[in-house]
Amino acid sequence: MQIWRFTDSSHSIGHSVVGHFDPPLVVTSVLVAALAAFAALAVIDRIESTGSRTGQAGWLGLGTVVLGGGVWGMHFTGMLAYSLPFRAGFSVGWTLLSLVPALVGSALSLYLMSRRPTGTGRIQLAAVFLAAGVGAMHYTGMEAIRVAARLWYDPGTFLLSLVVALVLASLALQVRFRLLRHRFASWVAGAALIGVAVSGMHYVAMAAVRFVPAAEPAEAQPWLPQSLLAGLIAGTGVLAVVVTMVATVADRRIREARRMAAEHDHRHREVLSSMGEGLLTIAADGRIESTNEAADRLFGVAGGTLVGTLATGLFSADSGPTGEPTNGVLRPGPALARRADGRAVPVELFLHRFEGRGQIRTEVLIHDVTARRALELQLSQAQKLEAIGQLSAGIAHEINTPIQYVGDNTRFLQDAFRDLGQVIEPLVALKEAARAHPDLAPACARADQAAARADAAMLLTEVPLALEQTLDGVERVARIVRAMKDFSHPATEKTPIDLNRAIASTVTVATNEWKYVADLITDFDPALPPVPCVPGEINQVVLNLIVNAAHAIGDVDRPPGAKGTIRVATRLESAHAVIAVSDTGTGIPAEIRTRVFDPFFTTKEVGKGSGQGLSLAHGVVVRKHGGAISFDTETGRGTTFVVRLPLGHQPDSTR
């Protein structure tokens, strides 16, 4: 075996044989190298996206085979493209041995390229390993050729081939990593340059070859014809490339499908956890498989506590104060959910049965209807109050006429009795004068007896007082009737009103709420102009504030008979009419001051408040009248609510 193959001045190569290249096969050899490089770069992407070490090792092995095999296949395809004027073949042993440096160089290069972070030094080192592997494979593979000639290399061209391999490999890897944001473009550009690097090194190296015909026969070793061996290797390399590309595409799609499935599952869990309604998944045996956070909150348990329990044990029929058992069957519709603390929560159930994992399962959507029922109750109560208001307006109208009769007739009796008293006084004087006349003395005695029986002196004193008190009572009834009519004002559109009179009427209507716990003081600004508003709604706002003030004062511990004070005042402030309702109650605790206008929020005991008064007041003042409502409070001292209504025209936001 010849070891030194470099020519010098002592070698005669004047009779060297020059081979010829088949252009289609040359192009094919370049494509084989480029396709192998493209597949290898795709494998790097798989290595980077694989989390497990085993998976990374598997993809690295596959990339090593496809890139090393592609380089190996390119070499022998290129050798198939090179034709000599004498018979040529390849040693099986040397051919197989030439695969080793290709695999080693490819493995080291791919390993470095798949590590993060990738710096310039690591890229250059990967290029060195790749170029060394390609060069070692080429010149080892050249040792496999069996021809009736001696093989020599030109030293300069030999070195040039290695430089070409290193420079083009370095350029290819640099381009690949510079275009990482454009993955497919980086693969194409990098694969093309690697293909050029491998094939460029091969064909520059072939330019360094000198075949000098020899008289002695070739070494007697097992060898195969050139076309057969080169075809087998090239075909194997192409097959490896195809298999690798199919594997990378399949893996990418599988991972994408898994990622999408994971994202879908994550979104599904997020949707379930953010749902306001509870959700149970129930297996065919009636036991709970999963719950969402809303269901856990509804039943008052920690997450996962309900899993494995029978779903029917959590509900009872909504058929009474405590409900009847569901008898092992869940049905859609109203039910009572039994919390862990023993309370029963009214709910509505929606059932959906589906087949999953070979079993029939049921999803139960649980809608808490507590708030809805409270709204229904409030609506019913509001409708009753509206009906009572309409009825009271009618009653006030009906009472007004007869009370006028009573007042007018009482005033007539008062005037008549006053006139009658003026007549009685001279008659009494006449009787006293007649008593001295003997003939009239008996008549005077009878008159005295009649006056004594009737207690005339008392009647003359008390009847005027009784009539005066009757007129005072009639006036109070008339004032209440007028207040009821004003408070039940039927208008639904904004109209200018006397706000002081409207508030005075409301104070009268609410008398029964405050008179036992507080003294109410009014301080109305007489200069207040007519205020554009919906009278009935503003009356309701003032009523709510007065009632709340009375309740706050009632919560204060005071000596028996002691009362608090409610002050209702109006004033003109720039372009606003201001209503201030102050009390000497308990004040509002700091921790709940941000919630006083929230719907259904109340600190009153059950049956004493609905939590709607201040919320409705806020809606009426702010949204419907374009005004503002605020409060100033001090715990233990009291609260002042201030309502500001604009005097100018404000659009009604409810239209």
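Here is how the numbers come out for the structure above:
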item: Heavy atoms of Ile288: accessible area, 1.4 Å probe, square angstrom to 10; result: 10
item: Cα centroid of the stretch 19-68 to Cα centroid of the stretch 330-379, whole Å; result: 59
item: Reciprocal mean inverse distance between Cα atoms of the stretch 493-646 - Kirkwood radius, Å; result: 15.8
item: Förster radius 45 Å - calculated FRET efficiency between Asp557 and Glu348, Cβ distance, rounded to 0.05; result: 0.55
item: Point-to-point label distance, Arg297-Arg87, nm (Cα→Cβ direction, 7 Å offset); result: 9.0
item: Approximate spin-label separation Arg150-Ala207, in nm, with each point projected 7 Å along Cα-to-Cβ; result: 2.5
item: By accessible area with a 1.4 Å probe, ligands and nucleic acids excluded, highest first: order of Arg258, Arg361; result: Arg258, Arg361
item: The stretch 430-454-the stretch 620-638 distance, computed between alpha-carbon centres (Å); result: 75
item: Accessible surface, 1.4 Å probe, highest first, among residues Met275, Met113; result: Met275, Met113
item: The stretch 487-553: chymotrypsin sites (Phe, Trp or Tyr not before Pro) in DSSP coil with no more than 11 other Cβ atoms inside 10 Å; result: Tyr516
item: In nm, spacing of pseudo-spin labels at Arg623 and Val17 (7 Å Cα→C-beta vector); result: 10.0
item: Length released on extending from Leu430 to Lys515, taking residue separation times 0.36 nm less the Cα-Cα span; result: 25.3 nm
item: Förster-model FRET efficiency, 45 Å R0, Thr594 and Thr309, C-beta, rounded to 0.05; result: 0.70
item: Gain upon complete extension [Leu97, Leu572; 0.36 nm per residue less C-alpha separation]; result: 160.5 nm
item: Ranked packing of 496-506, 406-416, most packed first, by mean Cβ within 10 Å; result: 496-506, 406-416
item: Accessible surface, 1.4 Å probe, highest first, among residues Val204, Val423; result: Val423, Val204
item: Percent of alpha-carbon pairs separated by more than 18 Å within the stretch 126-172; result: 36
item: Efficiency of FRET between His266 and Phe631 - r from beta-carbon atoms, R0 30 angstrom, step 0.05; result: 0.10
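The values are calculated or read from the model by the stated rules, or taken from the named source; none is laboratory data. Everything quoted here is computed from the prediction, not taken from an experiment. We place every Cβ from the backbone using ideal geometry, glycine too, and count neighbours over all the protein chains shown. Calculation scope for accessible area: heavy atoms of the full protein, side chains included, ligands and nucleic acids excluded. Shrake-Rupley method; radii C 1.70, N 1.55, O 1.52, S 1.80 Å.
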